[in-house]
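The block underneath contains the structure these notes are about, expressed in structure tokens.
Readers should treat all values here as calculations from the given coordinates under stated rules, not as data from a laboratory. Because the structure is a prediction, the values reported are computed rather than measured. Methodologically, a virtual Cβ is constructed for each residue, glycine included, from the backbone with ideal geometry; neighbour enumeration extends over all protein chains shown.
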Amino acid sequence: MSDITQSGPVLAADGRPLKRSLARALRMQKIRALMLIAPLLLFVLLTFILPIADMLFRSVENRIVQDTLPQTVVAVQDWDADSGEAPPDAVYEALAYDLVVAAERKQHTRVGTRLNYETPGISSLFRKAGRRVDEVGEGYLKQFAALDPAWGEPQTFMSVFADPEWLASRAGAGDEPPFQLSETAHDALPKASGAYMNFARTIQEEDNDSPAEEEPWAPVYMALHSDLAANPQAAQAFSGDAQRLLQEAAALIESGQMETESARDAFVKMDKDWADPEVWRTLKTYAGKYTNGYFLNAADLQKSPDGPELRPEDERIYGTLFLRTLIMSLAITCSCIVLGYPVAWILANLPSRTANMLMILVLLPFWTSLLVRTSAWKVMLQQQGVINDTLVWLGLVSDSDRLVMINNQFGTIVAMTHILLPFMILPMYSVMQTINPTYLRAAKSLGATNWTAFWRVYFPQSVPGIGAGSILVFILAIGYYITPELVGGTKGVFISNRIAFHISQSLNWGLAAALGTILLVIVLALYWAYDKIVGIDNVKLG
Amino acid sequence: MALTPVENQTPGFTAATAAAAGAFFGLFVGTAQGSGLLGVLIGAALLGVIGFVFAGLTDKETPLRWLLVAVFAAAGFVLGGLVAAVIGALFGWFTGWFVFWIATSRYRAHLAPYLTPGQVLWHYTFRVICGVIFVFLITPILVVMPLSFNAQDFFTFTPEMLRFDPEGYSLKHYRDFFTNDDWQQALWNSVKIAPMATLLSVGFGTLAAIGLSQPHVPFRRAIMAILISPMIVPLIISAAGMYFFYSRIGLQGTYFGVVLAHAALGIPFVIITVTATLVGFDRSLTRAAANMGAGPVTTFFRVQMPLILPGVISGGLFAFITSFDEVVVVLFVGSAGQKTLPWQMFIGLREQISPTILAVATILVVISIALLTTVEMLRRRSERLRGMSPS
């Protein structure tokens with residue numbers, strides 16, 4: 001023994017220490033395995049995991065209000081939603097500036113739709129306002145033009161607001177660069193330059209027009225009026241014609257001879273609901289970048305001044321729907337266990353030749369198109385269908401009162417039990433195959449009755465199969481869409497059908513994403529349980 | 001193989017059992033004709049007499065059974081024409097078989113000798129229950145097939161069909177399928193999408209499965225969970241996520257988008273089947289190949305690939321059928337230009353319900369039988385190659 005002990009570490013053939021050499025080989029092996037997996041992992045991440053993540057993000061995302069109505073969102077923050085009064089005029093003014101841009105970009109209806117999910121009626125409010133918002137400030141436009149016809153000229157605004165460098169650069173050939181504001185105008189006339197900037201950029205982008213050839217919208221005049229009223233000395237910052245024009249206008253405003261016009265009155269004239277504090281409360285509540293509103297909605301809750309509260313009785317649908325989905329999935333799972341257990345037992349206990357023949361009867365439905373099976377059930381279950389015809393022929397049911405077996409919960413449960421039954425039988429079968437039949441005989445020879453032998457000896461050993469099959473069937477059932485859609489009618493639909501409805505018909509994607517997220521969490525919890533009980537590696541097909 | 005020595009039953013027992021069966025069938029026929037009670041009585045009496053008489057004539061079994069078939073067929077023909085004759089003949093055959101099965105105690109022969117009569121009864125009751133469940137499994141598929149030859153636009157058997165009248169049958173729904181532009185376009189789309197998706201999932205999936213079955217893979221469980229997830233996540237959620245995300249990046253409503261989505265859905269099946277094949281793979285084969293001077297690429301194509309090919313092909317078939325049968329995801333990710341066969345069927349079932357669907361369904365069933373047979377043969381071949389006896 002002593003002649004093989006060496007001083008120092010054991011060396012590999014190339015002279016390195018064996019330990020390090022082995023570690024290196026192991027590392028190489030790991031890297032090679034990961035390299036083989038990497039392309040698929042990347043593919044699944046890109047095509048599948050990212051979309052799911054996107055859905056999760058969408059369930060809390062709420063940027064549309066802030067993106068479309070930035071000034072309004074800022075202005076409305078100072079308003080006390082509990083005051084019971086409509087917000088001050090400044091908020092309406094900001095709304096006019098935002099809305100005229102949004103209307104030109106045709107985004108106002110999207111904000112309207114978004115807020116309509118929370119308070120019905122807002123959608124039409126925004127639609128109407130979008131058509132007429134360019135009239136807000138019309139009075140100012142007329143008075144400015146009457147003061148000096150130059151106020152009707154696009155060039156006047158150019159000389160007041162445009163950045164000289166930008167003016168120089170647009171003189172060159174080619175497309176007009178994006179409009180730039182001059183520093184002077186920005187400092188002296190903050191509101192008006194903001195409004196004009198929006199105007200210039202919008203018509204550049206939306207209409208491919210030049211601000212140098214277009215007369216500004218009426219709200220720009222309103223902003224100008226408001227700036228000059230706040231700071232009559234603003235004209236000092238300018239020179240030449242611009243200074244003269246602004247001075248004249250400021251003088252007129254100071255003298256009180258310019259008729260003022262309230263943005264609030266203009267909006268209320270369009271629709272009296274604009275004076276409703278409830279509308280503004282909704283806008284203020286959903287002004288944030290992120291919202292839990294969709295989730296609250298999905299849980300039949302709504303926001304209120306004192307935290308989330310339950311919706312009125314007649315608006316609670318999702319709780320019922322989730323509960324129904326769970327109960328029906330459970331019913332389907334139970335009927336699959338009841339029907340699948342005997343079949344799995346007989347398949348596992350027959351001679352293998354016969355069992356293989358009978359296995360085809362299980363596998364054929366498994367391989368047959370889902371739509372084929374659903375259409376078959378539709379054919380069989382309908383009132384003029386095969387089952388009713390047979391029952392009538394046998395005299396068990398009279399021709400006048402044929403059974404209603406479709407477009408209700410019964411139809412959904414029957415069809416889905418049939419569709420999911422192979423998923424129950426296959427895992428049960430593979431577990432039962434491993435149960436040694438001699439245990440049962442041993443129990444009986446020790447005096448157990450049939451029932452005791454089955455219940456105390458066989459059944460406990462088959463429980464893993466039942467568990468695996470049940471979780472699989474339950475997971476599949478809870479997210480089913482096609483079959484409930486086709487045979488479920490109104491009473492037999494699942495939460496998936498509601499999700500699909502929100503994606504393709506009501507277009508409330510946020511709510512669809514929130515409902516989907518809740519469903520996903522339930523399924524992932526079950527998936528985790530399945531992995532603990534069965535192990536993902538042990539999933540078998542066919 | 002007889003486990004238990006048996007002797008013939010007494011005529012009384014045979015008659016009683018046969019009478020019970022007769023009462024059961026009589027109940028149905030009786031209710032169909034108007035009086036259940038009368039049917040029970042007539043059925044019980046008829047089969048009871050047959051049982052009693054035949055129990056003593058067990059040596060003339062074959063001629064007697066033919067006689068029963070002929071008599072019941074004739075009776076059926078007199079009562080209700082051709083269809084009733086066929087039903088009568090079947091019933092006659094069953095009666096003959098059942099009576100002699102009881103009378104000669106054949107039912108007892110291959111059961112363990114220590115079973116009590118109750119246990120024997122339960123044994124057969126249990127088989128009948130299983131039979132009913134098998135019927136439940138297979139009937140919907142079998143019902144669709146004859147109905148697809150219906151000459152009428154009905155979804156049920158017409159009187160002509162039940163009379164086996166050739167007038168009642170036609171191929172018009174098949175003709176509609178093969179000439180209608182909507183259906184042909186849908187078929188063509190399916191044929192274009194499914195193979196591409198299969199190719200993608202098989203290509204990536206096989207590589208990854210080989211990687212996953214190496215002895216040392218870090219994060220194996222987590223990676224497996226991610227790769228299997230498209231099978232577990234409900235389709236409607238996958239569809240919603242893909243719809244949102246693909247419309248962000250401009251893939252929504254494109255052929256490429258649908259192919260990518262279907263490939264992702266098919267991957268778990270490839271991973272599962274190929275890793276299952278690799279479990280039984282003998283690693284010393286690759287070492288032997290390396291020992292003889294083959295590079296990794298040669299080893300893969302000449303040694304490993306031929307052995308795992310059955311698994312790869314059946315994984316591919318699973319991926320193919322997943323894509324070919326998929327409707328939820330394509331409904332959202334695709335646009336009208338990618339309308340596949342299942343989509344067209346879905347529309348057909350939901351809106352303008354037309355029996356052409358049944359013709360398509362029959363064609364699809366035939367295709368799935370072909371695929372099932374292929375997979376089964378591949379599985380056996382794979383087990384034979386790996387030296388396991390086919391089970």
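Between B:Gly311, B:Leu115, B:Met377, the Cα set farthest toward the positive side of the dipole of chain B (charges on each charged residue's Cβ, about the Cα centre) is that of B:Gly311.
Considering only C-alpha atoms, what is the centroid distance from the stretch A:288-339 to the stretch B:122-201, in Å? Between the Cα centres of the stretch A:288-339 and the stretch B:122-201 lies a distance of 38 Å.
Rounded to the nearest 10 degrees, the inclination of helix B:181-212 to the longest alpha-carbon principal axis of chain B is 70 degrees. Amide hydrogen proximity for B:Asn150: with H placed 1.01 Å from N in the peptide plane, the residues at 5 or more positions away or on another chain lying under 5 Å are B:Ser170. Judged by the mean number of other Cβ atoms found within 10 Å, the most tightly packed of the peptides B:151-157, B:316-322, A:14-20 leads the ranking B:316-322, B:151-157, A:14-20. In sequence order, the stretch A:243-255 has phi-based couplings of 4, 4, 4, 5, 4, 4, 5, 4, 4, 4, 5, 5, 6 Hz under the Karplus curve 6.51 cos²θ - 1.76 cosθ + 1.60, θ = phi - 60°, and Gly or Pro positions carry x. Entry for the stretch B:180-385 at q = 0.07, 0.14, 0.18 Å⁻¹: log10 I(q)/I(0) = -0.26, -0.89, -1.23, Debye formula applied to identical alpha-carbon scatterers, no solvent contribution. Of all lysines in the structure, the ones whose alpha carbon falls short of 18 Å from that of A:Lys269, not counting any fewer than 8 places away in one chain, are A:Lys128.
Can you give me the Cα centroid spacing of the stretch A:398-441 and the stretch A:473-505 in angstrom? The two parts, judged by their Cα centres, are 20 Å apart.
Write down, largest first, the equivalent ellipsoid semi-axes of the stretch A:402-542 in whole Å, where each equals the square root of 5 times an eigenvalue of the alpha-carbon gyration tensor.
Semi-axis lengths for the stretch A:402-542 are 39, 20, 11 Å.
Give the aspartates and glutamates reachable from B:Lys172 as a straight Cα distance under 14 Å; neighbours fewer than 8 places away on the same chain don't count. Partners within reach: B:Asp153.
When the charge dipole of the protein assembly as shown is built from unit charges on Cβ atoms (+1 for Lys and Arg, -1 for Asp and Glu) and taken about the Cα centre, the candidate among A:Leu511, A:Ile253, B:Ser170 whose Cα reaches farthest toward its positive end is B:Ser170. Taking the Kirkwood radius as Rh and the Cα radius of gyration as Rg, chain A has a ratio of Rg/Rh equal to 1.19.
Calculated on the alpha-carbon coordinates, the convex hull of the stretch B:100-172 measures out at 145 cubic angstrom per residue.
Using the Cα gyration tensor of the stretch B:11-111, with a ≥ b ≥ c the square roots of its eigenvalues, what is the shape: rounded (a/c below 1.5), prolate (a/b larger than b/c) or oblate (neither)? Here the stretch B:11-111 falls in the oblate category. A straight Cα-to-Cα reach below 26 Å connects B:Lys192 with the lysines B:Lys339, residues fewer than 8 places away in its own chain not being considered.
In the protein assembly as shown, the calculated helix contribution to ellipticity at 222 nm averages -22500 deg cm²/dmol per residue, counting -39,500 (n - 2.57) for every DSSP H run with n ≥ 4. Here the spin labels are modelled as points 7 Å beyond Cα on the Cα-Cβ line, and at B:His216 and B:Asp282 they lie 2.6 nm apart.
For chain B, the longest principal axis of the alpha carbon atoms and the long axis of helix B:61-103 meet at an angle near 90°.
Between the amide H of A:Leu181 and those of A:Asp163, distances stay under 5 Å, these residues lying 5 or more places away or on another chain, with hydrogens modeled in the peptide plane.
Using only atoms on other chains, find how many Cβ atoms lie within 10 Å of each Cβ of peptide A:440-453 and report the average.
Working: counts 0, 2, 0, 0, 3, 1, 0, 0, 0, 0, 5, 0, 0, 0.
Going residue by residue through A:440-453 and averaging, the value is 1.
The charge dipole of the stretch A:174-225, taken about its Cα centre with unit charges on the Cβ of Lys, Arg, Asp and Glu (plus for the first two, minus for the last two), comes to roughly 360 debye.
Farthest toward the dipole's positive end in the stretch B:180-385, which of B:Gln214, B:Thr362, B:Phe245, given Cβ charges of +1 (Lys, Arg) and -1 (Asp, Glu) about the Cα centre? Working it through, the farthest residue towards the positive pole turns out to be B:Gln214.
Computed 3J(HN,Hα) for the stretch A:331-342, one whole-Hz value per residue from the Karplus formula 6.51 cos²θ - 1.76 cosθ + 1.60 where θ = phi - 60°, is 4, 5, 4, 4, 5, 5, 5, 4, 7, x, 4, x, glycine and proline marked x.
For A:Asp401 and A:Gln505, a Förster radius of 35 Å and the Cβ-Cβ distance give a FRET efficiency of 0.50, rounded to the nearest 0.05. The mean number of Cβ atoms from other chains found within 10 Å of a Cβ in peptide B:361-371 is 4, as a whole number.
Cα convex hull of the stretch A:1-93: how many Å³ per residue? Could you put the intermediate results ahead of the total?
Numbers: hull volume 26.4 nm³, N = 93.
Hull volume normalised by residue count: 284 Å³.
Using the alpha-carbon atoms, what tilt in degrees (0 to 90, nearest 10) does helix B:235-248 show relative to the longest principal axis of chain B? Around 30 degrees separate the two axes.
Using a ≥ b ≥ c from the Cα gyration tensor of chain B (square roots of the eigenvalues), is it rounded, prolate or oblate, where a/c under 1.5 gives rounded and otherwise the larger of a/b and b/c decides, a/b for prolate?
Numbers: a/c = 3.02, a/b = 1.59, b/c = 1.90.
It is oblate, given that a/c is not under 1.5 and a/b is not larger than b/c.
Under 5 Å from the amide H of A:Leu11 lie the amide H atoms of A:Leu18, each residue being 5 or more positions distant or on a separate chain, with H modelled from the backbone and absent for Pro and chain starts.
Give me Rg/Rg_expected for the protein assembly as shown, where Rg uses Cα atoms only and Rg_expected = 2.2 N^0.38 Å with N residues. Can you show the working numbers first?
On the way: Rg = 38.4 Å, N = 933, 2.2 N^0.38 = 29.6 Å.
That works out to 1.30 for the protein assembly as shown.
Put the Cα centre of the stretch B:50-117 next to the Cα centre of the stretch B:311-387 and the gap is 43 Å.
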